[in-house]
Structure formats: structure tokens, C-alpha cells
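Notes to accompany the following structure.
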Amino acid sequence: GWCKRTQQIRSFPDGFLFGAATAAYQIEGGWYEDGKGLSIWDIATHTVPSPIKDGSTGDVSADSYHLYKRDVELMKELGIDFYRFSVSWSRILPNGFADKINQPGLDYYNNLINEMLDNNITPFVTIYHWDLPYNLQKLGGWTNPLIVEWFRDYAKILFDRFGDRVKFWMTINEPKQICYEGYGSDLKAPFLNATGIAEYICAKNILLAHAKVYHLYDESYRKIQNGTIGISLSCTWYEPASDTSDDHQAAVDARQFDWGQYAHPIFSNAGDFPAEVKQNIALKSAEQSFPKSRLPEMSAAEVALIRGSSDFFGINSYTTKLTYRDASLEGMYPVPSYMDDMGAVMIKDPSWTQAQSTWLQEVPWGFYKLLVEVRNLYDNPPVYITENGWSTAGGLLDEGRISYYRSYLTALLDALDEGCDVKAYTAWSLIDNFEWKNGYTEKFGLYEVDFSSPELTRRPRKSAHIYKEIIRSRQLNLNYEPEDFIHEHD
Ligand code: PNW
């Protein structure tokens, strides 16, 4: 079981890496500059009426397209080992296809990478973080199997142009959010909302696209460029709401639908979609008179292509949900649907500390259980925590974020003590940014961005001082107080 250590100072192992992350659409701005093409998020934020909570856009955001040198100053000040950022596909390939490469787009990322390297910050590049070229969405986006080739063509250009200096690659950020939130619901662009069908087609295409790019790197670039490449999955911990076997099975199903759907094909020995996912969807499909399962099958060759196609397990983890089975909820979800297929109900525990984001609560023991479960299910793969963070409404004195980072890093240290092979930790996010449908109403930054100032001024929050000391000392000291911060900002 999980038991929070009371030790006040604990050390991270030698070689453990600390970083911070962002994503292109959330920080760059420069949405229509220097030949960039439109992405699905440019289209979404310019739709009338706006689907975004505060009606905002990423047109300018933190303007990292122009202020990247300032961003690198922040990285240096924090002392992070690496910075995880994403490349905007349509900045490199305005039409999505590899026929026309946009030189100013290449220049931007070359300048950013070189500036980081000059300051001893290791670049960690996410190839795809949700901003699909609109031109490809018109052709169905991630539901069109041809995207496997389009994505491979795009990734090849990044390896060719940046791979001499970039040694850490992530193919795709959070397939579940892309497929379920974007295609199975209207939570993310392109708001397709075709649940029970589209998210499963997307899932298979994403796994194949990821695997093709992994093998491209493995076969044609690794020898020369000597880097490492993997994928990141968003992993929520689902805790049974009671001790009944029904609720235990509901929690297993929720985990398998949420992240097992992507992790099992890549990280398990058997490969393919997990049994729970295949069985649930096949059963429901039959009941609903579909001639075959709505979950696309994988051929033996596809299973083999995907299995083992990641050098590390990238985990984005934020929170935990209670899970139960309720047979009387028959008719609660649309049919067919992803939620109905899963057959579990997820709720928040009101006693857990709540962030500004409704979905986010502080549950460090859930993070610990998740890491141990990943160790158990997938033979202890090398794990990079590629996102973890806390939202507030704003302000520089962010005690809630400090408590969250400290409790989650404590859970991480406990997992290391249990033999989990966690090699890196990434804070989300370096700076405040465009939080998708919630616009600028939720702040995740270690640094505040003053979006009302023409300079888009960046200022360190108290949590930035705390994180900086953790990185400097390679230790978690629960009693550390940054004196200078308190004098500066009283
Ligand atoms: C991530 N969950 O999404 C995204 O990668 C970021 O772009 C985003 O800004 C950040 O988290 C904060 O929302 C999430 O299931 C996906 O709990 C899933 C979850 C949380 C965040």
C-alpha cells in the first residue's frame, strides 16, 4: 500500500532528469505568419460562435514565436535539464503534405533548438501535439488510414532537419485525448462527436502512424543520430469506489479503455488491443446488430509492427477518479458510445483538493499506484513523466501548485523505492498558455504570463523558485522556503 514518507529531505537518483513542457498551439502565436498553414485549432478558435470558454484564440498567446529567447532565459534560470516543446505541423508543411516545406518554419525551430543548446538545455521534441493541418482534417484527419503515410512524411523531415541536434523524440502526445476527445466527443478539435465509431478508427491509425515513425527512426536514423524515441499517453488512475468485485472490474475496464487501449499494443508482450477493450466492444456491437465489432481488428503484421515500438513509456499524469459499476445506469450513455462500451462510471471524491480545472484533483497516492501498475503490467519499462502539473486562477503565490508538485514528487520517489524505472520528470507547464477549450481561464505555468501587457511579461511564481531548488539540489526538501521570493513579492 501507499504510505507517504514523513522524511523531510529525499534525494533523486544520479542521472534523473528534470524538465518542463509546452505545446506549439498553446504558446507560439504567429498563427498566420511567415507562410504557416492553418491547423484545426486555428479553425476552431475562429469559429463563430466560439467554442472556447472565454472566446479567446491562440493567435498570439504567449507569442513564443517571437519571444523564444526569453523562454530560454526562463529555462536557464530554472536550471532544467531538458525542455519539451512541440512542432507545429502546418508551420513546417502548410498544406500538411510534404510537397512544400516552409523555410521560415524550419528557421524558427532551428533558432529555438540552437538557443537552447547554447544554454545547455536539451531539446525534447513532440512531433504531434494536437494541431493537425486543417487541409488533412478535410480528408478525415486521424480517421483516414492514409494519415499513417502523411505523418511519416512529416516526421522524416523533422529527423532530417533537426535530428543532428535533437536526441529525444516523442511521436504523439496523448492518443486518447486526440481520438476520444476530438473524434468521439466535442471536447477538442475537430469536435467530430462520432462516439463508438470514430475514436476506435482513430486509435488504430494513431498506433500505426506512431509505429511507422518509430521504425523509420530505428532503421534509418538511430545509428547516425543516436537518439531515443517514444510515445506519451495520458494516464489517469481509476480507483474502485468500493471493495466489490464489480467496482474492481469497472476500475480495470476504465484503465484499459483510458490508456491500456494504447499501452497494451505497444508495451505488452502479447501486443494488440487489451482483452477487456476487445471483449466489451465486440459484445456491445453484437447486441447492437453490428455485423462485426466496431473496434477495428489488427492483423498479425500490424500487431507485430506496433509491439515494442517505443524506447520509453511517456506518462502524462495529473489525477485520479473513483470508479464503479452501476447496472441500473442502462440508458445513461448514448448507444453506441465509448462510455457505454466501457461500462464504468467515474466520479470525483469531494474530499480531494480541487484545482482550477474541474477534472483536476490532488491525489498523489493514485500517481504512485499508477506507476506501480505500469511496472507490473508491462515488465517495468523505462518511464519518463512527460507531463504533471496543477492549475490555478492566477497569481504569483501558488501554494496549491507547490503542494501538488511536492506530493507528486514524493509519490514518484516512493515508486522509485519500489523499483519503478522512472528516469525523468516534466512539469506542465513552463509558462501560462492557451488551455484549449478553457482558453486563458486556467493557469498551469511555473511562470506567469501577463497576457494583458503588450510585452507578454513572464514572471516566476513561487513554485518556480521551489522547482529550481529541487533541480539544483537534486533533492526534495519539504521545508524549503525561498526567502528572496517573499521579500520581492509581499
Ligand atoms: C494535457 N486527464 O491534457 C495536455 O497534453 C496539455 O496540452 C494540456 O494543456 C494539459 O494536459 C493540461 O490540461 C490532459 O485525463 C489530458 O486527466 C488528460 C488529462 C489531463 C490533461
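In region 161-180, what count of residues is obtained for those that are closer than 13 Å to GLY227 by Cα and either surrounded by fewer than 24 Cβ atoms within 10 Å (Cβ to Cβ) or touching a Pro at 6+ places or on another chain (Cβ under 9 Å) (or both)?
Here the count works out to 7.
With (1) in contact with a Lys or Arg (Cβ under 9 Å, 6 or more places away or on another chain); (2) surrounded by fewer than 22 Cβ atoms within 10 Å (Cβ to Cβ); (3) without any contact (Cβ under 8 Å) to a residue 60 or more places away in the chain as the list, and THR47 as the residue in question, which single condition is left unmet?
The single condition THR47 does not satisfy is (1).
Identify all residues within region 346-376 that are within 18 Å of ASP414 (Cα to Cα) and away from the ligand (no atom under 14 Å from the Cβ); write none if there are none.
The first filter runs over region 346-376 and keeps only residues within 18 Å of ASP414 (Cα to Cα), leaving 362-376.
Within region 346-376, PRO364, TRP365, TYR368, LYS369, LEU371, VAL372, GLU373, VAL374, ARG375, ASN376 qualify.
Can TYR480 be described as away from the ligand (no atom under 16 Å from the Cβ) and of a type in the set (Phe, Trp, Tyr)?
The answer is yes for TYR480.
For region 38-77, give me each residue that is of a type in the set (Gly, Ala, Ser) and not in a loop (DSSP other than H, G, I, E, B).
Within region 38-77, SER39, ALA44, SER64 qualify.
For region 2-26, name all the residues that are over 22 Å from GLU481 (Cβ atoms), at pLDDT below 95 and surrounded by 12 or more Cβ atoms within 10 Å (Cβ to Cβ).
The answer is TRP2, and nothing else.
Just the residues that are assigned to a loop (DSSP other than H, G, I, E, B), more than 11 Å from the ligand (Cβ to nearest atom) and in contact (Cβ under 8 Å) with a residue 60 or more places away in the chain, please, taken from region 418-450. Write out each step before concluding.
If we filter region 418-450 for residues that are assigned to a loop (DSSP other than H, G, I, E, B), which is where we start, we get 418-421, 429-430, 432-435, 439-442, 444-446, 450.
From what's left, more than 11 Å from the ligand (Cβ to nearest atom): 418-421, 430, 439-441, 446, 450.
Answer for region 418-450, where residues must be assigned to a loop (DSSP other than H, G, I, E, B), more than 11 Å from the ligand (Cβ to nearest atom) and in contact (Cβ under 8 Å) with a residue 60 or more places away in the chain: LEU430, GLY439, TYR440, THR441, LEU446.
So that you can scan it fast, the table gives a plain yes or no per residue for (1) more than 15 Å from the ligand (Cβ to nearest atom); (2) in contact with a helix residue (DSSP H, G or I) (Cβ under 7 Å, 6 or more places away or on another chain):
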site	(1), (2)
LEU208	yes, yes
VAL213	yes, yes
TYR217	yes, yes
SER220	yes, no
ILE224	yes, no
ILE229	yes, yes
ASP253	yes, yes
PHE257	no, yes
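Every residue, every condition in (1) within 16 Å of the ligand (Cβ to nearest atom); (2) at pLDDT 95 or above; (3) not hydrophobic (A, V, I, L, M, F, W, C), yes or no:
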position: TYR134; (1), (2), (3): no, yes, yes
position: GLY140; (1), (2), (3): no, yes, yes
position: LYS156; (1), (2), (3): no, yes, yes
position: ASP164; (1), (2), (3): no, yes, yes
position: PHE168; (1), (2), (3): no, yes, no
position: THR171; (1), (2), (3): yes, yes, yes
position: PRO175; (1), (2), (3): yes, yes, yes
position: GLY182; (1), (2), (3): yes, yes, yes
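Restricting to region 288-344, give me the number of residues that are more than 16 Å from the ligand (Cβ to nearest atom), part of a loop (DSSP other than H, G, I, E, B) and over 29 Å from GLY227 (Cβ atoms).
Counting residues in region 288-344 that are more than 16 Å from the ligand (Cβ to nearest atom), part of a loop (DSSP other than H, G, I, E, B) and over 29 Å from GLY227 (Cβ atoms) gives 22.
Only one of GLN249, GLN261, GLN279 is touching a residue at least 40 places away in the same chain (Cβ under 8 Å) and either surrounded by fewer than 17 Cβ atoms within 10 Å (Cβ to Cβ) or in a loop (DSSP other than H, G, I, E, B) (or both). Can you tell me which?
Matching residue, one of GLN249, GLN261, GLN279: GLN249.
Look through GLY343, GLY331, GLY366 and report the one residue that is closer than 14 Å to ARG255 by Cα and at pLDDT below 95.
Within the list GLY343, GLY331, GLY366, the selection yields GLY343.
Say whether the condition of being modelled with pLDDT of 95 or more, over 17 Å from VAL148 (Cβ atoms), crowded, with 20+ Cβ neighbours inside 10 Å and not aromatic (Phe, Trp, Tyr) is met by at least one residue in region 218-231.
Yes, region 218-231 contains a residue that is modelled with pLDDT of 95 or more, over 17 Å from VAL148 (Cβ atoms), crowded, with 20+ Cβ neighbours inside 10 Å and not aromatic (Phe, Trp, Tyr).
The values are calculated or read from the model by the stated rules, or taken from the named source; none is laboratory data. All of these numbers come straight from a predicted model, not from anything done at the bench. Note that each Cβ is placed from the backbone with ideal geometry, even for glycine, and that neighbours are counted across all protein chains shown.
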